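Asks: Structure below; questions to follow.
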Amino acid sequence: MTAEERRRVLDGIDQGKITVEQGIALLERLMSEDARAEEMPGESAAGPGSAGESPRWDEVRARVRRWSRMALWAGIGLVILSATGMFWRLQTDGIGVWFLCLMAPFLFGVGWIAWAGGRVDG
């Protein structure tokens, strides 16, 4: 509710165009409309379909989930590649320097999966 809307209602009461009860009801209705507008961030003050409309929150959430899934699959790919390398080095040399070196990307990939998996679900 803007100051001008409030002033119009109060002027209407002063001039006797509306009763005090009607003015109170009108002010309460204007305040409840403002509260509803604050609860719906996906729509601009001009209303849906206007030129200044911000992107709908559902579309933004879907886009974030898509990107999070891509990060999740990148982490899975990293884990698979490093685990394959670790297996190959274990079979050829046993636990050696290269096996331990491949453990770093493997653990990084596991952490990446945990981070991206939490973003996809949330």
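Every number in this text was worked out from the coordinates using simple rules, so none of it is lab data. From a predicted model like this one, the values you see are computed outputs, not experimental measurements. Note: ideal-geometry Cβ built from the backbone for every residue, glycine included; neighbour counts use all protein chains shown.
Asks: Taking the Cα centre of region 57-121 as origin and charging only Cβ (+1 Lys, Arg; -1 Asp, Glu), how large is the dipole, in debye to the nearest 20?
Replies: For this selection, approximately 200 debye.
Asks: What is the spin-label model distance, in nm, from Arg29 to Arg65 if the labels are put 7 Å beyond Cα along the C-beta direction?
Replies: Taking the simple label geometry, Arg29 and Arg65 are separated by 3.9 nm.
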